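Beneath this line is the structure, given in structure tokens, with notes to follow.
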There are 2 protein chains.
Amino acid sequence: MKRFILALVVLSLGFGGPASSAAADPLPSWSDGTAKQSILAFVEKVTTTGSPDFVPPAERIATFDNDGALWAEQPMYFQLAFALDRVKALAPKHPEWKGKEPFASLLKGDVKAALAGGDKAILEIVMATHAGMTTEEFEQTVKDWLGSAKHPKTGRLYTEMVYQPMLELLSYLRSNEFKTFIVSGGGVEFMRPFTEKVYGIPPEQVVGSSIKTKYELRNGKPAIVRLSEINFIDDKAGKPVGINQYIGRRPIAAFGNSDGDLQMLQWTTAGKGARLALIVHHTDADREWAYDRQSTVGRLDKALDEAKAKGWTVIDMKNDWKTIFPFEKR
Amino acid sequence: MKRFILALVVLSLGFGGPASSAAADPLPSWSDGTAKQSILAFVEKVTTTGSPDFVPPAERIATFDNDGALWAEQPMYFQLAFALDRVKALAPKHPEWKGKEPFASLLKGDVKAALAGGDKAILEIVMATHAGMTTEEFEQTVKDWLGSAKHPKTGRLYTEMVYQPMLELLSYLRSNEFKTFIVSGGGVEFMRPFTEKVYGIPPEQVVGSSIKTKYELRNGKPAIVRLSEINFIDDKAGKPVGINQYIGRRPIAAFGNSDGDLQMLQWTTAGKGARLALIVHHTDADREWAYDRQSTVGRLDKALDEAKAKGWTVIDMKNDWKTIFPFEKR
């Protein structure tokens with residue numbers, strides 16, 4: 001029998017004016033300043049019933065880049081570190097790699113020489129490590145790696161190298177009935193095994209790059225097998241395409257850190273009504289890394305110029321963030 | 001200032017035993033019988049805390065085919081009716097169509113001759129009517145058509161020809177914290193303009209077939225343009241692939257009506273724990289249509305055999321549904 005329960009519920013409704021100092025600060029790791037204020041003011045505007053900028057909850061879509069925006073990306077994209085580790089793990093089964101680039105250099109420990117082959121070399125490494133298995137096997141491999149591999153600089157698990165201020169921002173938006181999505185150049189099946197636990201973002205709200213897959217019956221048992229062919233690159237002009245294809249609704253807020261996010265920010269801000277575009281600028285060489293226009297990883301050049309020209313919010317990591325990684329808070 | 005409001009809320013919690021006759025029937029348009037019971041028993045099992053079959057809300061993914069499962073599909077797929085109407089509307093701009101098949105036959109009113117060209121003819125019609133415009137222009141065209149075009153048999157808007165029992169099922173599952181998705185062979189951008197209003201399914205929970213798109217700046221304004229190239233066919237073996245790619249989680253319940261849904265049902269039921277696979281069998285020639293193994297639209301042949309062999313739930317529309325369309329209820 002269905003039970004009817006009379007519940008006394010205290011609802012904290014997100015309208016009725018800006019959070020007063022009496023209320024708990026939803027973004028405690030953010031320094032007071034224009035960046036933080038621009039976020040609070042935007043959320044206030046779009047959630048205030050009767051405001052000309054009010055947006056119904058169903059349309060409160062916020063999209064986040066991952067590498068360099070939600071977790072770190074130095075000294076190399078974490079997924080590339082995964083791929084390199086996988087090459088080493090798989091090497092015993094591939095004796096031919098000893099005489100074949102980029103694998104030969106990699107196995108000798110010379111990452112720079114291995115990656116000198118550019119996109120072609122990276123593609124070969126990706127396909128050798130990301131294709132040929134079922135989706136369930138790949139998911140387990142990713143989980144095992146994330147649970148054990150350590151970052152070369154901090155000695156921390158990669159999933160610990162997420163940005164505390166961004167975790168607060170994700171929670172703050174969700175508490176204001178935003179639906180938070182990842183829209184990243186990273187592999188969608190590399191991210192999904194950890195995004196729910198680490199960011200509170202479920203698999204169905206993760207958009208990313210992908211290789212083609214194929215459904216088949218293996219000994220009568222259904223399986224989805226990962227193929228050595230690119231399906232979709234969710235980067236640069238691919239980001240608005242991915243947003244349209246997977247989400248089907250234009251975001252009202254978007255968060256990135258590099259030129260790979262420029263088109264997503266353009267697409268988001270070109271919509272009608274209030275919009276928030278935010279760029280994380282990596283300016284803290286002591287607590288994290290400092291890089292922008294000249295970096296091969298997470299280059300921020302054109303998007304930085306456009307942010308200034310269009311008045312987008314640019315986070316100065318060094319000054320705007322009191323804490324960067326959760327493990328700093330002891 | 002945030003306002004705190006003390007609210008007295010009566011929560012109807014979905015656990016604690018099967019719905020008694022005293023509680024409101026969540027599926028009033030369903031006749032009492034094994035089909036209805038299999039749905040109620042499944043939901044009961046996976047939502048009962050402590051049950052060995054309990055599934056956490058985040059994993060309660062249910063996927064629904066659209067054509068023939070949520071709305072009708074006779075005498076032709078509704079999206080094809082849209083395409084044919086668009087050919088007529090666009091004909092003045094295409095004088096060359098008068099001498100070119102399949103358009104020439106179509107414009108003479110001979111649909112059968114036009115479609116005699118098979119998949120190639122259909123592809124030409126689709127590309128001529130679905131590509132070349134921005135996504136926003138296409139969305140508006142779809143909305144205009146859905147708001148005015150009438151079904152040839154019932155004279156109703158196409159969006160009125162949805163199945164009342166399935167609307168109840170969608171609501172029932174959502175009230176039990178299921179997340180409901182569409183996984184259809186239909187075009188994703190054809191469905192998204194109406195799924196939220198008609199089914200309560202938001203755009204980001206619609207998986208479908210798609211053509212490629214391209215992001216570009218048109219006079220400095222961002223646009224996504226629809227291209228004359230197939231991106232993804234979300235049918236048959238494409239359905240588990242689409243589920244994996246867009247949702248990233250295996251459904252625990254899936255609902256279809258044709259051989260195009262067979263692999264989705266296989267993939268769903270091959271997961272561990274309690275699963276529900278349901279096929280709508282069109283058996284009511286009076287109130288709807290009766291068709292299965294020999295039909296060119298929505299053929300149900302192999303999936304019907306497999307349903308019987310594996311004990312999936314098969315809905316006998318004539319006997320299991322008291323009401324078919326909402327407009328019957330007066």
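A short reminder: the numbers here are calculations on the coordinates, not readings from a lab. Here the structure is a predicted model, which means the values were calculated and not measured. Note: ideal-geometry Cβ built from the backbone for every residue, glycine included; neighbour counts use all protein chains shown.
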Per segment B:67-143, sqrt(5λ) over the Cα gyration tensor eigenvalues, sorted largest first, in Å, gives 20, 18, 10
CD proxy, 222 nm, the protein assembly as shown: helix-only mean residue ellipticity via -39,500 (n - 2.57) per DSSP H run with n ≥ 4, per residue, nearest 500, stands at -9500 deg cm²/dmol
Computed for segment B:109-255: size of charge dipole around the Cα centre, +1 on C-beta of each Lys and Arg, -1 on C-beta of each Asp and Glu, debye to nearest 20, value 180
In order over segment A:290-298: 3J(HN,Hα) from phi, Karplus 6.51/-1.76/1.60, θ = phi - 60°, whole Hz, x for each Gly or Pro, gives 10, 6, 7, 5, 9, 6, 7, 9, x
Non-local residues with an amide H under 5 Å from the amide H of B:VAL183, with H modelled 1.01 Å from N and Pro and chain starts lacking one, are B:PHE64, B:ASP65, B:ASN66, B:VAL207
Per residue convex hull volume, Cα only, segment A:272-330, in Å³ is 114
Relative to chain B, whose Cα atoms define the longest principal axis, helix B:135-146 and its Cα axis are tilted in degrees, nearest 10, by 80
For B:LYS88, counting only lysines whose alpha-carbon sits under 22 Å away and dropping same-chain residues fewer than eight positions off, the answer is B:LYS98, B:LYS100, B:LYS108, B:LYS112, B:LYS120, B:LYS143, B:LYS150, B:LYS153
Counting every C-alpha pair in chain B, the percent lying more than 29 Å apart is 42
For chain B, the longest principal axis of the Cα atoms and the Cα long axis of helix B:78-90 enclose an angle in degrees, to the nearest 10, of 30
Ranked on Cβ counts within 10 Å of their own Cβ, fewest leading, B:PHE181, A:PHE194 go A:PHE194, B:PHE181
Among segment A:201-218, those whose backbone N falls under 12 Å of a label point 7 Å along Cα→Cβ from B:ALA270 are A:214-218
Computed curve, segment A:162-215, Cα-only Debye sum without solvent term, log₁₀ I(q)/I(0) at 0.13, 0.17, 0.21, 0.29 Å⁻¹, is -0.34, -0.55, -0.78, -1.21
Filtered pair list for segment B:213-330 (Lys only, Cα < 17 Å, 8 or more apart or interchain) has a length of 5
Expressed to two decimals, segment B:99-254 has a Cα Rg over Rh, using the Kirkwood radius, of 0.99
With Rg from the Cα atoms and Rh as the Kirkwood inverse mean 1/r over Cα pairs, segment A:163-314 has an Rg/Rh of 1.01
The ³J(HN,Hα) series, computed from each phi in segment A:92-102 with the Karplus coefficients 6.51, -1.76 and 1.60 at θ = phi - 60°, rounded to the nearest Hz and given as x for glycine or proline, is x, 7, 10, x, 5, 5, 4, x, 9, 7, x
Restricting to Cα pairs under 8 Å and 6 or more apart, the percent relative contact order of segment B:132-248 works out to 25
Under the Karplus relation with 6.51, -1.76 and 1.60 and θ = phi - 60°, whole-Hz ³J(HN,Hα) for segment A:119-124, x at Gly and Pro, equal 4, 5, 5, 4, 4, 5
Ordered by number, the trypsin sites (Lys or Arg not before Pro) in segment A:29-70 that occupy a DSSP loop and have at most 12 other Cβ atoms within 10 Å are none
Sorted by chain and then number, the residues having a modelled amide H within less than 5 Å of the amide H of B:ILE315, at least 5 places away or on another chain, are B:ILE279, B:VAL280, B:HIS281
Expressed as a whole number, the average count of other chain Cβ atoms within 10 Å around the Cβ atoms of B:240-252 is 6
Inter-part gap, Cα centre of segment A:91-107 to Cα centre of segment B:26-68, in whole angstrom, is 51
Distribution output for segment B:144-193: share of Cα-Cα pairs per 5 Å bin in percent, first bin at 0, values 4, 16, 18, 23, 22, 11, 5, 1
Relative contact order in percent for segment B:165-225 (Cα pairs under 8 Å, 6+ apart) equals 27
For chain A, averaging the sequence separation of alpha carbon pairs under 8 Å that lie six or more residues apart and dividing by its residue count, the contact order in percent is 22
Label model pair A:GLU101, B:ASN231: point-to-point distance (7 angstrom along the Cα→beta-carbon line) in nm is 3.7
The size of the Cβ-based charge dipole (Lys, Arg +1; Asp, Glu -1) of segment A:100-175 about the Cα centre, to the nearest 20 debye, is 320
Between the Cα axis of helix A:164-175 and the main Cα principal axis of chain A, the angle (0 to 90°, nearest 10) is 60
The ratio Rg/Rh over the Cα atoms of the protein assembly as shown, Rh being the Kirkwood inverse mean 1/r radius, stands at 0.97
Ranked from fewest to most other Cβ atoms within 10 Å of their own Cβ, A:GLU328, A:GLU44 fall in the order A:GLU328, A:GLU44
